[in-house]
Every structure is written in C-alpha cells, then in structure tokens.
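Input: a single structure, listed below in structure tokens.
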Amino acid sequence: MKKFKKLILIFAMASIFLTSCTLPGIGGNTKTNVVVATGSNTERQILGEMVKQMIEHHTDLNVSLITNLSSSVLNHIAMLKGDVNVVGAMYTGTALSGELGMKPIRDPKEAQEVVMKEYYKRWNRFWYPSFGFDNTYAFMVTKKFAEENNLKKVSDLEKLKDKVSVGVDTAWIKREGDGYKAFQETYGYGFKSVYPMDIGLVYTALASGEMDVVLGYSTDGKISSYDLVILEDDKRLFPPYDASPIASEEIVEKYPEAEIAIMKLVGQVSSKTMQELNRQADEDLIEPAKVAENFLKKNNYFEDVKVDKNKLQEYKTFVEGGKNV
C-alpha cells in the first residue's frame, strides 16, 4: 500500500511540475509535428537523437527534440499532456514498477509483452520491440580477475565470498525486490566485505584494484574503457530493463513513415554497442547528437533494413489483444 501511495505522490508532483513550469522546447505542435522526448542521462539522449535523426533522414517531417525530462515519470506525464508524441527510450523494468505500478517480472520476453499490451491498453501508445539491449544492474570484475578465478556467472563468486571486497551502489543495499537481501535469498550466499559507494565510483574502484567485484550498470561506457567483464546473472535476480522507443498511436497513424523509420532501429543496438556509444559521450566528451549521427552514418542510416509490414501488423494485433507474436 505504501508503494502505491508513494507512486501516486510522484505522479502528482510530476504533474504539478509540468503544469506550473514552461520547459524549454515544450509547446511544439504535436498534432502536426513529431516531438521526441529524451531523458537527461547520456544513454537516453543518444537514443533520442537516433530516433530523431532517423525520422528526419527517412521522411520529410518536422522533428523537434526535448532533452530535459530527467525521469521516466516526466516523459510519461509529458506524453499524457500531449507535449510529446515520441519517447526516444523507455525501459521495461522501470515502466513495470513505475508508471504501470506492477510487480517486477524476471523473464525478459514476458516483461516486454506485458509492457507492450499495458501501454496500448492504458494510453494508446506503441511500445516497440527493443533496440537490442537492456541496461540493468550487473556484477563485474576485471578481465584479469575473471581469468584468474574462472569467473563467468554470479554463482561462481560463491567460492570467493569470504575473500573478495565488493563495491555496490549505496541505494542497492536496502533496495526492495532486487537489493542485497534479495541477492542473498536468490543466490544463497552473502559477501563478507561489502562497501556501499556512489555508483559513479565503482568502476574506478575496480580498475584501480581497491575492489575485487563491483555492481554497476550493464551499458556504462566505463565497462569498455576499463576492459571489464560482466558476470551473467544466472539466477535472474535483476529484472530486465530492455530499452525501446515509444510512440503515440495518433502520430504514427498520421505519419506511418515515421513509424517505419523508428522500426529500422529495432535490434540494431547491442549492449556492447551501447557501452561504446556511452563511452564516446562520457569519456571522449563527444556530444550525444554527434555520437548518434556518427553511428547512423556508419550504418548508412539502416537504409538496407526492410521493415516487414506484415510483422508490424502482427505486433499491433498483439498489443490490441490478439495472439502472441
């Protein structure tokens, strides 16, 4: 009950914020133009730019971008208010526990199917298939440490539980559902030495040898920078956070060519690719818009990717309540 009261409070505050403030970029005509929203972090900005630039490249439509909606809730509210009609990237795990107010689902396929159906049922939005990656919590080690200790999955750490120093996101220690308590219940062991720290510090702590194991985010650019190895979550502690673009039914019915442009990105961005794109922005300090542009140019804006309109119709039949795709 407390969880739902908290959720209601968050939505109320977000609604008040968007009602009382005029945000730069908001106010474009979503009836005639495509307005794409992104979050404030690097990954969502890059993906939002990809969606925007793909639509611009493959159509003659007017496309504007809003980059200052810092959370999934604000992106959701902006769509409810009609200020945007496309969101560059949303994540299944976040949507389930956030705007949908549902329990986490561990199976990636089931999580995506539930979110797809609920988004259409509640708000007439299309939650498209994933870009090709999910961004979730992940235990990681250096490549050298993995090779020395024959580590491939999280279960392999049990043999080192009393020896390793483990750095984790401070919020994760008391996090319900997939926090440290749930970890111990799921995997059947705990670590002797666990050190809570800011999530941004765990990678350098691992690379410098201060920590043996850390808990980070699976698509962080520092993973490739420091040549880290992600251990497989073999008992599925963490819910999937598959990333997908979102669009209102109204805008894609009006401009089906925009939908085709968006769908060309489905399955084209792997976890490794997203790590590298994030690294370019965060480590090399290249603007997200340029990172997206370079990626799309390198892939010729996916000109050769043909969107199967029959498959697209099958997907829409599915979200509208038909058979599974």
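The values are calculated or read from the model by the stated rules, or taken from the named source; none is laboratory data. Bear in mind that the values here come from a model prediction, so they are computed numbers and not experimental data. Heads up, the Cβs are rebuilt from the backbone with ideal geometry, glycines too, and the neighbour counts pull from every protein chain shown. Keep in mind that these areas ignore ligands, DNA and RNA; they rest on the heavy atoms of the full protein, side chains included. Shrake-Rupley method; radii C 1.70, N 1.55, O 1.52, S 1.80 Å.
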- prompt: Scanning for something of a type in the set (A, V, I, L, M) and open to solvent by 40 Å² or more (accessible area, probe 1.4 Å), does the stretch 201-212 turn up at least one residue?
  reply: yes
query: Taking the stretch 291-322, which residues are open to solvent by 60 Å² or more (accessible area, probe 1.4 Å) and more than 29 Å from LYS109 (Cα to Cα)?
result: ASN294, LYS297, LYS298, ASN300
task: Look through the stretch 265-290, keep the residues that are more than 22 Å from THR136 (Cα to Cα) and either touching a Leu at 6+ places or on another chain (Cβ under 9 Å) or in a helix (DSSP H, G or I) (or both), and return whichever of them is least open to solvent (accessible area, probe 1.4 Å).
output: ALA289
message: Here are the criteria: (1) open to solvent by 40 Å² or more (accessible area, probe 1.4 Å); (2) out of contact with any Pro (no Cβ under 7 Å at 6 or more places or on another chain); (3) over 30 Å from LEU296 (Cα atoms). Tell me which single one GLY177 does not satisfy.
response: (2)
- prompt: Hey, any hits in the stretch 118-138 for a residue that's assigned by the TED database to the domain that holds GLU43 and in contact with a Lys or Arg (Cβ under 6 Å, 6 or more places away or on another chain)?
  reply: yes
Criterion (closer than 30 Å to VAL291 by Cβ, in the same structural domain as LYS272 (by the TED database) and of a type outside the set (A, V, I, L, M, F, W, C)) met by exactly one of SER248, SER218: SER248
Filtered residues of the stretch 78-132 (kept if closer than 22 Å to GLY177 by Cβ and among the aromatic types (Phe, Trp, Tyr)): TYR91, TYR119, TRP127
Looking only at the stretch 56-97, and only at residues there that are at pLDDT 90 or above and hydroxyl-bearing (Ser, Thr, Tyr), the one that is most open to solvent (accessible area, probe 1.4 Å): SER64
Scope the stretch 11-55; condition of a type in the set (S, T, N, Q), at pLDDT 65 or above and either assigned to a helix (DSSP H, G or I) or open to solvent by less than 40 Å² (accessible area, probe 1.4 Å) (or both); matching residues: THR30, THR38, THR42, GLN45, GLN53
query: In this structure, does LYS143 turn out to be in the same structural domain as TYR203 (by the TED database) and in contact (Cβ under 8 Å) with a residue 24 or more places away in the chain?
result: yes
Among (1) exposed (fewer than 13 other Cβ atoms within 10 Å of the Cβ); (2) modelled with pLDDT of 95 or more; (3) touching a Lys or Arg at 6+ places or on another chain (Cβ under 6 Å) - the single one GLU232 does not satisfy: (1)
